[in-house]
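K.L.:
Below you will find the structure I want to go over with you.
The values are calculated or read from the model by the stated rules, or taken from the named source; none is laboratory data. Computed from a predicted structure; not experimentally measured. Here Cβ is always computed from backbone atoms with ideal geometry, including for glycine, and neighbour counts include all displayed protein chains. Note: accessible area is taken over every heavy atom of the protein model, side chains too, but ligands, DNA and RNA are not part of it. Shrake-Rupley method; radii C 1.70, N 1.55, O 1.52, S 1.80 Å.
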Amino acid sequence: MPAATHHILRLRHVTVRYGQTAALDDVTCDIPCGSSTAILGPNGAGKSTLLRAILGWHPLAAGDVRLGDDHPQHALPRLAYLPQRQTIDWDFPVTVRKVVEQGRYPSLKLFQRLGPADLQRVDRALEELGLTALADRQIRMLSGGQQQRVFLARALAQGADVFLLDEPFAGLDLFGAEELTHILRTWEAQGRTVLAAVHDLELARRTFTHAVLLDTTLIAAGPVRDVLSPAHIDRAFRQGRCVHDNPLHSVRSADFPR
Amino acid sequence: MTLHEFFIAPFAYDFMQRALFSAALLSVSGGLLGCILVLRRLALMGDALSHSLLPGVALAWLLFGPSTTALFLGALLAGLLTALGSALLSRLTRVKEDAAFGSLFIVFFGAGIALVSKLPTRLNLTHFLFGNVLGVSPTDVQLTAAVSAATVLVFAVFYRAILLETFDPVFHRATGGRGALIHFGFLALTVLNLVAALQTMGIVLALGLFLLPAVSAYLWCDSFSRLLLLSVGFALVCSLAGILLSYHAGLASGAAIVLCLGGVFLGSALFSPRYGAAALVLDRWRNRHPPAPRRG
C-alpha cells in the first residue's frame, strides 16, 4: 500500500434530485486510482444515478465531481460508460470489429479516417478481450457474455482509463460472470479504474477491492471488507424495515415444505 | 417496340426529363434517410409526417395559388410543426411520442382534407395525394436538387455521428456527442425530402421512395455503409423503371415507382439468402429432416 493513495475520482457533497425526491443526498467519497470499486445499495439507492452524475448527465443540486483535476465533462475521452444492456438493437448490420472501431470515432476529426494507430488500438482491444476470432461476425451472432465483451473492447479502444459500468453482471450466466470477473481483475492489475453498480453483495466481495455503499446517502466507502460490515449492511438494507435475515444469507437455503 | 422506343424515346419530352431527374435526386437522399428510418424504427413516424404536410400545401394553394415556393414553404411549415409539436407534447405531457405523432398527424391530415375541399377544383386533391409527374416544374427540380444535395452533404459530414446516434445513442452521448441535434436535424431533413417528393410522388406515396429501398437493402446487407449504398441503388433503379412504367402504361408516377420498389421488397423478403423467408423456412425444414448419416 503506497503511503498516500492518489484519488482519480473525487465526489464532494454530491446531491441529485428528481423533482422533490433526492436520488443522491450529500455523497462525499473518493475513488482510488487503479482500484475496482463496487457501488452497492438497495434498489433506488442511487447507484445508477451516481454513475450518470459522474458523466454530467444529471445537474447537481449541490456538490462537485472531479476527475483528476478536471470536471468530468472536460475529460470525456477518459471515461467509458457501459449502460445496462437493453438499448442496443442486436439486428443492426454491424460486425464486432466495426463496433470496437466506434471507440475511436470521438477522437477523430471530421473527414479524418481511422489511421494505423487507431487500427492498432482496435486490434489490441479485440485481442485483450479474446474477440479476435469473432471480429468479422455480426453482433447478433454472439452470446450475451460475448456481446458484453464487445462493448468492453470498444471502451478499451476509446483509450479510457476510468470505466463506469452499470450492472455489468445483470443477465450473465455463471460462465459469463466468471469471465467478467476475470476481466475486471486483470484490469485492476493493469491499474485501470473500474466503478461498477452491483447489486449482489457476495459477488462484490469476491470481485472488487473497494466499495461504496449507498442508500441515497453515503453509508460507507473504502476497502470492500470494511464497507461490507454487518453494521453497514444493516443500515443500508434494513433501516427499520422488517427483513429477517442478513441479506448476505437472504437467499432461501431450504426448500419450501410441500 | 424497340429498345430505343422503350428506354430513350420517352425522355425526348422535357417533362419526362424533369421527372426522371427529380426522381433520381430524391432516390439518392431518400435512400439514405430511409435506412435511418428503418434502423431507428421510425418508419411509421415518417408515414405520419408525410400525411401531416397536406394542410400546409392546401393552405398555400388557397392563399398564393400554384406557386411552387409557396407550396414548398407551406408543406415545410406543416411538417416541422408536427415534428416539433409531438416532441413538445411528449416531453410536457404524459403522452408518449408515437401517440403524440399519431394524434397530431391525423388532426393535420383532417384539416388538410377540409382545406382541399375548399379549393376551386376537385382535381387538385388527387394531384396532392398521389403526385403528378406532368406537374414537375423546373423550379421543383431546382428545389429538389438543393434538398438532395443538402441531405448528401449532411450524411457525408456527419456520417460517424449519425451512425453512432442510430446504433447506440447512449454511447454517443457519453462520448460528448449531441444526440438531440442529430435527431432534430434528421427530422428536419426528412420533412424537407418529403416536401421535395410531393410533386413526383404525392403525399401518400412519398415515403415509399424512402422506406422501401432501405427495408429491401436491410434484407441483404451486413454493414451500415453497404446498406446505405444498396438502398440508394435500389431507389435509383426503381425510380427509372417506375417512370418508364408510368409513361408506357399510363399510370400515376408515384404509384408506378412504389410498385417497382414493392416488387424488389417482396423479392428480397422472400428470397434473400440470409434473411429472407424462403431461407428461414428451408433452414427449419433441414433442421427437422437432417440428412441420413452416411455409412462406410
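K.L.:
Which sequence of B:W220, A:W90, A:W57 reflects their accessible areas, 1.4 Å probe, from the largest down?
P.N.:
Largest accessible area first, the list is B:W220, A:W90, A:W57.
K.L.:
Where in region B:228-257 does the label zone of B:M1 land, with the point 7 angstrom along Cα→C-beta and an amide N cut-off under 11 Å?
P.N.:
B:244-251
K.L.:
Leaving out ligands, DNA and RNA, and with a 1.4 Å probe, what % of the accessible surface on region B:3-286 is carbon or sulfur?
P.N.:
Values: 9270 of 12670 Å².
For region B:3-286, the apolar C and S fraction of the accessible surface comes to 73 percent.
K.L.:
Tell me, which cysteines of chain B are without a disulfide-compatible partner by the Cβ under 4.7 Å rule?
P.N.:
Cysteines lacking a close Cβ partner in chain B: B:C35, B:C221.
K.L.:
Considering the options B:I182, B:L228, B:A111, tell which one lies farthest towards the positive end of the dipole of region B:3-286, charges being +1 on Lys and Arg and -1 on Asp and Glu at the Cβ, about the Cα centre.
P.N.:
B:I182
K.L.:
Carbon and sulfur together cover what percent of the accessible area of chain A at a 1.4 Å probe radius?
P.N.:
Carbon and sulfur atoms account for 51 percent of the accessible area of chain A.
K.L.:
Another one. Under a point spin-label approximation (7 Å from Cα along Cα-to-Cβ), what is the A:R235-A:T186 distance to one decimal in nm?
P.N.:
3.8 nm
K.L.:
Still on this model: Considering only B:L240, B:L39, B:L187, give the residue with the highest GNM mean-square fluctuation for chain B, with springs between Cα atoms whenever their separation is below 10 Å.
P.N.:
Per the Cα network of chain B with a 10 Å cutoff, B:L39 tops the list.
K.L.:
Right, here's the next one. Just to be sure I follow: if Rg is taken over the C-alpha atoms of region A:7-242 and Rh is the Kirkwood radius over the same atoms, what is Rg/Rh?
P.N.:
0.98
K.L.:
Okay, moving on. Search the structure for amide H atoms under 5 Å from the amide H of A:I219, placed 1.01 Å from N in the peptide plane, and list their residues when 5 or more places away or on another chain.
P.N.:
Excluding prolines and chain starts, which carry no amide H, the hits are A:L213, A:L214.
K.L.:
From the residues A:G191, A:S107, A:L156, which one has its Cα farthest along the dipole of chain A in the positive direction, the dipole being from +1 and -1 charges on Cβ of Lys/Arg and Asp/Glu about the Cα centre?
P.N.:
After comparing all options, I get A:S107.
K.L.:
To continue, here is another question. Would you list, by chain and number, the lysines whose Cα falls below 21 Å from the Cα of A:K98, excluding same-chain residues fewer than 8 positions away?
P.N.:
Cross-link targets: A:K109.
K.L.:
Where Lys and Arg each count +1 and Asp and Glu each count -1, what net charge lies around A:L55 among other residues with Cβ under 12 Å from its Cβ?
P.N.:
Within the 12 Å Cβ shell, the charges total +2.
K.L.:
On average, how much accessible surface per residue is there in chain A, in Å², for a 1.4 Å probe, leaving out ligands, DNA and RNA?
P.N.:
50 Å²
K.L.:
Rounded, prolate or oblate for region A:115-179? Axes are the square roots of the Cα gyration tensor eigenvalues, ordered a ≥ b ≥ c, and the cut-off for rounded is a/c under 1.5.
P.N.:
Judged from the Cα gyration tensor, region A:115-179 comes out oblate (a/c at least 1.5, b/c at or above a/b).
K.L.:
Based on Cβ point charges of +1 for Lys and Arg and -1 for Asp and Glu, what charge dipole magnitude is obtained for chain A about its Cα centre, in debye rounded to the nearest 20?
P.N.:
On the way: 29 positive and 28 negative charges, 65 e Å.
Here the size comes out at about 320 debye.
K.L.:
Hey, another quick one. With charges only on Cβ, +1 for K and R and -1 for D and E, what is the dipole size of chain B about its Cα centre, in debye, rounded to 20?
P.N.:
1020 debye
K.L.:
Taking the alpha-carbon set of the protein assembly as shown, what are its Rg and Dmax in Å?
P.N.:
28.7, 92
K.L.:
If you wrap a convex hull around the Cα atoms of region B:27-180, how much volume per residue is inside, in Å³?
P.N.:
125 Å³
K.L.:
Another one. So, counting K/R as plus one and D/E as minus one, what does the shell of residues with Cβ under 11 Å around A:D136 add up to?
P.N.:
+2
K.L.:
Note down the relative contact order for chain B as a percent, whole number, built from C-alpha pairs under 8 angstrom at least six residues apart.
P.N.:
Rounded, it is 27 percent for chain B.
K.L.:
Let me ask something else. What is region A:7-242's relative contact order, in percent, from Cα pairs under 8 angstrom and six or more apart in sequence?
P.N.:
28 percent
K.L.:
With a 1.4 Å probe and all protein chains kept in place, how do A:D118, A:D91 rank by accessible area, largest first?
P.N.:
Descending order: A:D91, A:D118.
K.L.:
Still on this structure, I have one more. Can you find, among B:Q17, A:L218, A:L172, the residue sitting farthest towards the positive end of the charge dipole of the protein assembly as shown, where Lys and Arg contribute +1 and Asp and Glu -1 at Cβ?
P.N.:
Result: A:L172.
K.L.:
Here's a follow-up. Which helices, counted as full DSSP H runs in chain B, have an axial Cα extent of no less than 20 Å and a Kyte-Doolittle average of -1.0 or above?
P.N.:
For chain B, where a helix must reach 20 Å along its axis and average at least -1.0, the hits are B:14-39, B:68-92, B:97-116, B:138-157, B:179-196, B:224-249, B:253-271.
K.L.:
Sticking with this structure for a sec: Search the structure for amide H atoms under 5 Å from the amide H of A:H7, placed 1.01 Å from N in the peptide plane, and list their residues when 5 or more places away or on another chain.
P.N.:
Close amide H contacts, sequence-distant or interchain: A:C33.
K.L.:
Return one number: the angle in degrees, 0 to 90 and rounded to the nearest 10, between the long axis of the Cα atoms of helix A:116-128 and the longest principal axis of the Cα atoms of chain A.
P.N.:
50 degrees
K.L.:
Then there's this: Treat each spin label as a single point 7 Å out from the Cα along the C-beta direction, and report the B:N287 to A:T28 distance in nm.
P.N.:
5.9 nm
K.L.:
Using all Cα-Cα distances in region B:106-183, what percent lands in each 10 angstrom bin from 0 up to the longest?
P.N.:
Pair shares across the bins are 15, 24, 23, 25, 12, 1.
K.L.:
Something else about it: In peptide B:157-168, how many Cβ atoms from other protein chains are near each Cβ within 10 Å, on average? List each step's numbers first, then the result.
P.N.:
Numbers: counts 2, 1, 3, 9, 3, 0, 5, 3, 0, 2, 10, 10.
Averaged over the peptide's residues, the number is 4.
K.L.:
Obtain the radius of gyration and the Kirkwood radius of chain B from its C-alpha atoms and give Rg over Rh.
P.N.:
Taking Rh as the inverse mean 1/r over Cα pairs, Rg/Rh reads 1.04.
K.L.:
Okay, next question. Of the residues A:A157, A:A135, A:A204, which exhibits the maximal mean-square fluctuation in a Gaussian network model of chain A defined by a 10 Å Cα contact cut-off?
P.N.:
It is A:A135.
K.L.:
Next up: Hey, if we sort A:D64, B:D14 by accessible area with the 1.4 Å probe, largest down, what's the order?
P.N.:
Listed by decreasing accessible area, they come as B:D14, A:D64.
K.L.:
Taking chain A as a Gaussian network, where each spring joins two C-alpha atoms under 10 Å apart, which residue of A:D215, A:D200, A:D226 fluctuates the most?
P.N.:
A:D226
K.L.:
May I pose another question? Quick one: divide the alpha-carbon radius of gyration of region A:1-69 by 2.2 N^0.38 Å and tell me what you get.
P.N.:
In units of the globular-protein estimate, region A:1-69 measures up at 1.15.
K.L.:
To the nearest 10 square angstrom, how much accessible area does A:K98 have with a 1.4 angstrom probe?
P.N.:
100 Å²
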